[in-house]
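This report concerns only the one structure given below.
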Amino acid sequence: YFLDKADKYDSRDVERLQQDDKWVENYLIWRHDIVDDTLKMIDESFQWRKEYTVNDLSESVLPKWLFEIGALFLHGYDKEGYKLFWFKVKHHTRDPKQQLDKKKLVAFWLEHYAKRDHGKPLTVVFDMAETGISHIDLDFVRFIVNCFTDYYPNFLTKIVIFEMPWIMNAAFKIVKGWLGPDAISMLKFTNKSDVQEYISAEYLPPHMGGTDSFKYSYPPLVDDDFQTPLCENGPITSEDEHESKEEIDADTKEAGELNETQSLNQKKMNSIEQISKSEETDKTEIKPKNAKKALTTFKGPLLHISPAEELYFGSKETGEKKCLIVLTNVTKNVVAFKVRTTAPEKYRVKPSNSSCEPGTSLDIIVSLHGGFAASLQDRFLIMAAEMDQASGAGVPELTQFWKEVPRTKVMEHRLRCHVIESSKPSSLTLKDNAFNNPAKTNEDLHIQLTHLLQINRGLEEQMRRCLWFQQLSVVLSLLSVTVAAFCFYLAYAQRS
């Protein structure tokens, strides 16, 4: 289908569609698994991507002043951990001559984020404070709407509209007409009193009732404010002296077990990959201390990183404060790495600035300290770069190396935090505690789920039989009452 229209598309998009199952899945999800609608959306979005040269958009091809005014940027996270895409409406003015460049700026930011964070959905914030009728630009708004409804599938979680002036109500009725029912349900009209239902104060500016001191400026591009965490490659700080030697020894023993488990599972996955190339994602099952989860592996050009996307911490109630990151050097050179976080006051990372020998794995322990609890908004950034074999790997050499290494040679990978609210077992826990057993594979889980479905079908059959007997009983009861009434009637008639 798409090869027949190859001249209308960018060949890079066609190639990606053939290789990226997640992209195809997002199109299907956004069009409710209706194949004809999905194909139509792919066709329209691919033609648009070629028209706007989306794959080639960069800072150098867009006017610098567009970045400087700060009308569009990515910053912070909502309460569900989704990235915030800000539209500062007061900085936007209608100008037909600038319209195409402004639309390309929207596409630039969306594409920039999609490549950086693997297409994780966004929350869009329209900050309409200090705006009026001069800022209404329905053509531009319609383009933004089209980006999420037609061009970027399954890329939107919600649209938070802050302090929309009453004078814009009529214009927004028109906008609602462009949105489908799914998108309309995502609209959240807010003001200073209720915006924190969706975004916490730490990522809201003061005029929205928040405490975020962030001030937009360019260059460089706005990104997460990653900083070096506490205790970088050094001794335990006084704040962590309550941690006993037994706990540290347990961590060391556990790290060894994790390495052994990961190695066994890696061999298992290699044999599976030889049998079926379609299963390309490693499913390494390693056992963090408190949250035993099946973890995927991110395969980077320099390092393989487990887990691939999320670090699991507990809430204040569960008290789970530690997790593990495993780095595996897949190059023939020493790889230097750094770990940074958006919440350096919360975390201790050991080690956070070191190196990994060729073909070896290294454990990084990430722990909360003090009375802090993990948050969905917290992020970690792992930076890695190959070192010259002649270079040393001490602290001075690493410091100098990071000052000199070109940004283009640095691999970056981001990890989100996941907070486990309760450690209590669910009423629907799988038999044999499947999630806690590292030996369980996807096939084992499939068998367990199939077993549950069979039990469920059996219960449904029993319920149907019970309902049938109940209905039969009611009919027989009514029949008995009718016969009795008829008998009474006959007896009464004979007496008369």
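Residues in the stretch 64-108 that are under 15 Å from Leu221 (Cβ atoms), in a loop (DSSP other than H, G, I, E, B) and open to solvent by 10 Å² or more (accessible area, probe 1.4 Å): how many?
Qualifying residue count for the region: 1.
Restricting attention to the stretch 30-72, report how many residues are on the phi > 0 side of the Ramachandran plot and touching a Phe, Trp or Tyr at 6+ places or on another chain (Cβ under 7 Å). Please lay out each step first, then the result.
Taking the stretch 30-72 as the starting set, the residues that turn out to be on the phi > 0 side of the Ramachandran plot are 32-33, 53, 70.
Filter once more, keeping what is touching a Phe, Trp or Tyr at 6+ places or on another chain (Cβ under 7 Å): 70.
Residues in the stretch 30-72 being on the phi > 0 side of the Ramachandran plot and touching a Phe, Trp or Tyr at 6+ places or on another chain (Cβ under 7 Å): 1 in total.
Output the residue which, of all residues in the stretch 315-331 that are modelled with pLDDT of 90 or more and not in a strand (DSSP E or B), is least open to solvent (accessible area, probe 1.4 Å). Steps first, answer last, please.
Just the residues of the stretch 315-331 that are modelled with pLDDT of 90 or more, to begin with: 325-331.
Then drop every residue that is not not in a strand (DSSP E or B), which leaves 330-331.
Details: Val330: 67, Thr331: 21 Å².
Out of the qualifying residues, it is Thr331.
Just to be sure, is Trp23 surrounded by 11 or more Cβ atoms within 10 Å (Cβ to Cβ), of a type outside the set (Lys, Arg), in a helix (DSSP H, G or I) and touching a helix residue (DSSP H, G or I) at 6+ places or on another chain (Cβ under 6 Å)? Quick ask: steps written out before the conclusion?
Values: surrounded by 11 or more Cβ atoms within 10 Å (Cβ to Cβ): yes; of a type outside the set (Lys, Arg): yes; in a helix (DSSP H, G or I): yes; touching a helix residue (DSSP H, G or I) at 6+ places or on another chain (Cβ under 6 Å): no.
In short, no.
Mind checking which residues of the stretch 188-230 are open to solvent by less than 80 Å² (accessible area, probe 1.4 Å) and in a helix (DSSP H, G or I)?
Initial filter on the stretch 188-230 (open to solvent by less than 80 Å² (accessible area, probe 1.4 Å)): 188, 190-191, 194-196, 198-201, 203-205, 207-210, 212, 214, 216-218, 221-224, 226-230.
Within the stretch 188-230, Val195, Gln196, Ala201, Tyr203, His207, Met208 meet the criteria.
The values are calculated or read from the model by the stated rules, or taken from the named source; none is laboratory data. Being a predicted model, the structure only gives us computed values, none of them experimental. All Cβ positions, glycine included, derive from the backbone under ideal geometry; neighbour counts span all protein chains shown. The area values use the complete protein model at the heavy-atom level, side chains included, leaving out ligands, DNA and RNA. Shrake-Rupley method; radii C 1.70, N 1.55, O 1.52, S 1.80 Å.
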